[in-house]
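Participant: I am attaching a structure below and will ask some questions about it afterwards.
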């Protein structure tokens, strides 16, 4: 099992996203990434599918910014399930704001932080 995980960690791609096999036999990043969280939210909520971005990402900061936006959509569209009271809502909103702020700080930070 460890050898398989090690092999999966070796490929390098210029983008973050879903990979597909090219007709020529190689692999390419062609679409947006599909995270477990996105799959769960899309499957078990009334969040419109168009709110999820459709682009691949060239760096981790852009990917994290999109993840932060998805967390806001979850809070907006799943209010009755995701929030128990006013205090809970405030904490979750602040957490989402801080995550978005971190993604933006990374975007303006060191170039070494930009790569995934």
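What follows draws every value from the coordinates through simple rules; no lab data is involved. Owing to the predicted nature of the structure, the values given are computational and were not obtained by experimental measurement. Methodologically, a virtual Cβ is constructed for each residue, glycine included, from the backbone with ideal geometry; neighbour enumeration extends over all protein chains shown.
Participant: Rank the residues 36, 99, 57 as a footprinting-exposure proxy: fewest other Cβ atoms within 10 Å of their Cβ go first.
Facilitator: Least crowded to most crowded, the residues run 36, 99, 57.
Participant: Specify the angular offset, from 0 to 90 degrees and rounded to the nearest 10, of the alpha carbon long axis of helix 86-108 from the longest principal axis of the alpha carbons in the chain.
Facilitator: 30
Participant: Then there's this: Could you give the Stokes-Einstein D for segment 38-82 in µm² per second, using the C-alpha Kirkwood radius, 37 °C, 0.692 mPa s?
Facilitator: Estimated via Stokes-Einstein, D reaches 294 µm²/s.
Participant: Only counting other Cβ atoms within 10 Å, I'd like 94, 16 sorted with the fewest neighbours first.
Facilitator: Result, fewest neighbours first: 94, 16.
Participant: Mind giving me the nanometre distance, one decimal, between the label points for residue 72 and residue 97, set 7 Å out from Cα along Cα→Cβ?
Facilitator: 1.2
Participant: Relative contact order for the chain: what percent, with Cα pairs under 8 Å and sequence separation of 6 or more?
Facilitator: After rounding, I find 23 percent.
Participant: OK, next. Principal axis lengths of the chain from Cα atoms, whole Å, largest first?
Facilitator: That works out to 53, 35, 31 Å along the principal axes.
Participant: Pairing the Cα long axis of helix 60-77 with the longest principal axis of the chain, what angle in degrees results, from 0 to 90 and rounded to the nearest 10?
Facilitator: 30
Participant: Taking the beta-carbon count within 10 Å as an exposure proxy, list 92, 22 from fewest neighbours to most.
Facilitator: In order of increasing Cβ crowding within 10 Å: 22, 92.
Participant: Tell me, how many Å apart are the Cα centres for segment 1-45 and for segment 91-107?
Facilitator: When both Cα centres are located, 25 Å separates them.
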